[in-house]
Amino acid sequence: MSDDAWLTRCVVNTTARSFRLYSSDGHEREVSCDTPEEFMNVLQLCREMLDEDTLAYSDPLISKS
């Protein structure tokens, strides 16, 4: 990622406790959290720092049994 790139999208996957980050220069990165507490801390930071156009949530996986 270049120095003048910025975050264009952050997709939260609550099931996998991960965050997929997309930058303005086309790069993407996945950040996975090891514990529920770590996930909640990162999620809180994202909610405080990002506007609702940048922060999105993936659909939860639903099993069909």
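Observations on the model:
- Heavy-atom SASA rank of Tyr57, Tyr22 (probe 1.4 Å, accessible area, largest first): Tyr57, Tyr22
- Per residue, the average separation of C-alpha pairs within less than 8 Å and at least 6 apart gives the stretch 13-57 a relative contact order of 30 percent.
- Only beta bridges with both residues in the chain are counted; by DSSP, about 80 percent of them are antiparallel.
- Per residue, the chain exposes an accessible area of 79 Å² to a 1.4 Å probe, with every protein chain left in place.
- Relative to the longest principal axis of the Cα atoms of the chain, the long axis of helix 36-49 makes an angle of roughly 40 degrees.
- Across the accessible surface of the chain, with the other protein chains kept in place and a 1.4 Å probe, carbon and sulfur atoms take up 50 percent.
- Ordered from highest to lowest accessible area with the whole protein assembly present and a 1.4 Å probe, Asp51, Asp3, Asp34 read as Asp3, Asp34, Asp51.
- The charge dipole of the chain, taken about its Cα centre with unit charges on the Cβ of Lys, Arg, Asp and Glu (plus for the first two, minus for the last two), comes to roughly 380 debye.
- Recomputing P(r) over Cα pairs in 5 Å bins from 0, in percent from the coordinates shown identifies the correct label among (i) 3, 21, 36, 29, 10, 0; (ii) 3, 12, 17, 20, 18, 15, 9, 4, 1; (iii) 4, 17, 25, 24, 17, 9, 4, 1, 1, 0 as (iii).
- Positive contributions from Lys and Arg (+1) and negative ones from Asp and Glu (-1), summed over other residues with Cβ under 14 Å from the Cβ of His27, come out at -2.
The values are calculated or read from the model by the stated rules, or taken from the named source; none is laboratory data. As the structure is a computational prediction, the values presented were derived from the model and not from experiment. Note: ideal-geometry Cβ built from the backbone for every residue, glycine included; neighbour counts use all protein chains shown. Accessible surface areas use protein heavy atoms only, side chains included; no ligands, DNA or RNA. Shrake-Rupley method; radii C 1.70, N 1.55, O 1.52, S 1.80 Å.
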